[in-house]
Amino acid sequence: MAAGARPCKMARGNGVLTDQLCERLLERSDRPLITVCGGRTGQRDRVLTGRQLHERALARGAALASIRKPDDGPLALIMPCGVEFVVTLVGTLYAGFTITAVAAPRPGVQTLRFNQIIRDCTPAAILCSDGLTGKIEAALTSGGIAGLSVIDVEALEAVEAPLMAPVQSGDGTRPVILQYTSGSTRAPKAVALSGANIVANAQLANGTWGLDEDGVVLSWLPHFHDLGLMGGIFYPILAGGRTVLLDPLQMIQRPERWLRLISEHRATFSGGPAFVFSHCLQNVTDEQCEGLDLSRWRSAFCGAEPVPASLLAAFRERFGPWGLNPSAVFGCYGLAEFTLMVAGGNPDLLDDRPAPPPGCGDIEPCRVSPEMDGDLRLVDPETLRIAAPGEPGEIWVRGASVARGYRNAPAETAASFSVATAGDGAGGDWLRTGDVGVRQGHWLYVTGRLKDLLFSNGRKIPATDVEWLAGEQDQALNPMAAAALMPDDLATGKAVLLIELRRRERVADEVVTRGLIRRAVAGAWGIELTDIRILPSGALPRTSSGKVQRRLLANAWRDGRIEDALQ
């Protein structure tokens, strides 16, 4: 422990997380722990050592504890992912609060989502920074929400913390994090996560990803999403490593900067949804790659949606000349209800390689680690019988990473958590994910969601299959920015397709392209596409993790509100 650093005096229960965070910060007392990249080229990075983060978090937690108590309710953190957010995140946990990170409100759908979360969360206060007070108060007013304090953390008086201990010892009943789901099928729900959940999943993920004290994580992912918060901040700290944070907008506007920073910081771990890999393939030039060294990047994960194998194959080939190891690029799978990571890792680190089973060769597989081998199964969602090897089924998981349930949603918690398969002697301790997949040995192929299925002639077809086939009919179309929907749940064999153009692309003849799509889809599954809309890039509404909101679009279509749903 560094001289002058106050010791960790943590209670147990949820204190298992704050205990480990404190220990890791003091172990890296004089070494860089968090680097926040400058917003513009030439702007200086901001760096926090373990000691600096520890001491600032103590002061921030004590200041908050002087005006609010954990029993008052959760605290909502609404601020950019920078130094103030990380300090406030650790400080609130040190002081024993339950917290939730929420995206700042923006006009339209984002303000609606923001107010949905605030109503459900009922926070004791909203914490913000960077002059967001006025924007937050305006959003609350527009949603008819009154009586909430909006506190700028930079204006809080730094109070000397008498002890490094949560205000309340914690018996494990109060969650430490409320992680809101992406809301791809309905309004977001609050997943209640304990400190033990986070520590358990960090151990699983870090072991599978090979993330240790020598690891360097480069994260551009939104910090209000589970992958950005857990994988980009908590897990690197718990591994004893270092994390480099990049504003998401910087990656979107300049994908080459993401690769450049991976090279400059010698990052070992970074990734994101499928669209970021496609974004790099389309927009990063050879000239922008000059001088890149991607040889240290050993875990380049791709997840959040079913991942087309052709996409990652193209990414491996495209960036191989700049040192990228082909095995470093892999598919992964997880969900907030399991804290974060379920499956996925570099096959070289796991001493295994994929062997695609019949019918799944177009989907990138996710490696199931030995630790999860007996805790992941595929189940027929109607009969609740365990699916035979190679047969599709709903993905069920169990273990210490499973959350306690959804806050304020007892019926949905009962339907998804602590359920049992028919004839399962292990008892009712499984989580129903709502995701569909196929398992072959140690490999999991995620094919879609139960609620994103199309029905035709007694068959269940994942919406993504239709979207990918449609996208193959014209190279200007983006199959990862599409939504195949049933206009009527009872009218099987009929669907509509909404599909975006790739950036700066257009089809030569939309009539011809629509005809090609209709024939291809009808020939493959007997599905009649009653309407096909080719949209500009960015038109489809997405969740905080970048998923297309198919359920929202389907409901809007059926209600005659599709134009309002499109951005």
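The values are calculated or read from the model by the stated rules, or taken from the named source; none is laboratory data. Values in this document were obtained by computation on a predicted structure and should not be read as measured data. Glycine gets a Cβ as well: all are built from the backbone with ideal geometry, and neighbour counts include every protein chain shown. Just so you know, the surface numbers come from the protein's heavy atoms only, side chains and all, with ligands and any DNA or RNA stripped out. Shrake-Rupley method; radii C 1.70, N 1.55, O 1.52, S 1.80 Å.
Summary of values
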read-out	value
Where the range 288-329 is the region considered: accessible area per residue in Å², 1.4 Å probe	37
Using alpha-carbon coordinates, inclination of helix 195-209 to the longest axis of the chain, degrees	60
Carbon plus sulfur fraction of accessible area for the range 74-123, probe 1.4 Å, in percent	61
Cα-centre dipole for the chain with unit charges at Cβ (Lys and Arg positive, Asp and Glu negative), debye to 20	640
Positive-end residue of Pro306, Val438, Thr35, charge dipole of the chain with Cβ unit charges	Thr35
Over the range 245-336: Rg over Rh, Cα atoms, Kirkwood Rh	0.92
Folded to 0 to 90 degrees: helix 274-283 orientation relative to the chain principal axis, Cα	80
Neighbour net charge for Asn201 - beta-carbon separation under 15 angstrom, K R +1, D E -1	-2
Cβ-based net charge around Leu497, under 10 Å, with every Lys or Arg adding one and every Asp or Glu removing one	+1
Cα centroid of the range 113-145 to Cα centroid of the range 196-242, whole Å	28
The range 280-306-the range 317-350 distance, computed between alpha-carbon centres (Å)	12
The chain: proportion of alpha-carbon pairs further apart than 39 angstrom, %	26
Degrees between helix 83-94 axis and first principal axis of the chain (Cα, 0 to 90, nearest 10)	70
Protein accessible area in the range 207-291, 1.4 Å probe - carbon and sulfur %	49
Average accessible surface area per residue within the range 373-449, 1.4 Å rolling probe, Å²	43
Solvent-accessible area per residue for the range 27-113 (1.4 angstrom probe, square angstrom)	37
Relative contact order (percent, whole number), the chain, Cα cutoff 8 Å, 6+ residue spacing	11
